[in-house]
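Single-structure report; data block below.
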Amino acid sequence: MTLLVRISGFLARASDGVLSALVQTVRTTFKGDPQLRRRVAFSVALIALSAKMAKADGVVSLEEVRAFHEIFSVPRSEMRNVLRLYGLAKKDVAGFEAYARQMAGLCGSGKADCPMLEDILDGLFHIAKADGVVHEREEAFLARVAEIFEISKAHYEHIRARHMWPHRGSNPYALLGVPHGAPFLEVRRRYLALAAENHPDRLLARGVPEEFLALANARMAALNAAYEEIERSRQPA
């Protein structure tokens, strides 16, 4: 039974406007299986918060719809489960801040050490940038979600740089999170650490569903490109 089928079962017992009850269901149903709980929570959070972001921005472009489908590469027969949750989230009277707090609460007291929250933010950025630009309202939405998730401003800027690459004046040093002009050994050490941390196998191990590995591949592509640009710039002419 896939995650989306399990989620669909929860939705069958939910009514419009009670999305918060779904979060509590995830918390209690998978209490004895933290890894499965993280996988279900990630799926629910990314679907619902992307719906909230679309509502905040007021416009959903065709490119954003395609980006949404890239992440949720699921059989057509199961897409109705995703769309039902998406619609439920858009109609829910609760604001996105309240819902983001509930999702952060699934990580317990250690939100700062909960990689799932960065993975959720990563997915939201992937959708927001799909039309070529992250609009002002989307940026405000993403920054506020990061704040609720207790992601530091410095780390948020690192995530943002990864998604802006190679646009809007982003630079490879910001993407890797090292000072401009840092010794190449330091750059390489940082790159290797990030590459290991963001490897698709590592994401799977921490609960990101297989359907969402497009995110991991996009991360690795940006990291590789940034590192290669710095490496080329350090080579003699």
Quick check: residue separation of Ala182 and Glu231 times 0.36 nm, minus the Cα distance between them. What number comes out in nm? 16.4 nm
If each of Leu204 and Ala221 carries a label point 7 Å out from its Cα toward its Cβ, how far apart are those two points in nm? 2.0
When His180, His126 are ranked with the fewest other C-beta atoms within 10 Å first, the list becomes His180, His126
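FYI, it's all coordinate maths here, none of it is from the lab. Keep in mind it's a predicted model, so treat the numbers as computed, not measured. Reconstructed Cβ throughout: ideal geometry from the backbone, glycine too, with neighbour counts over all protein chains shown.
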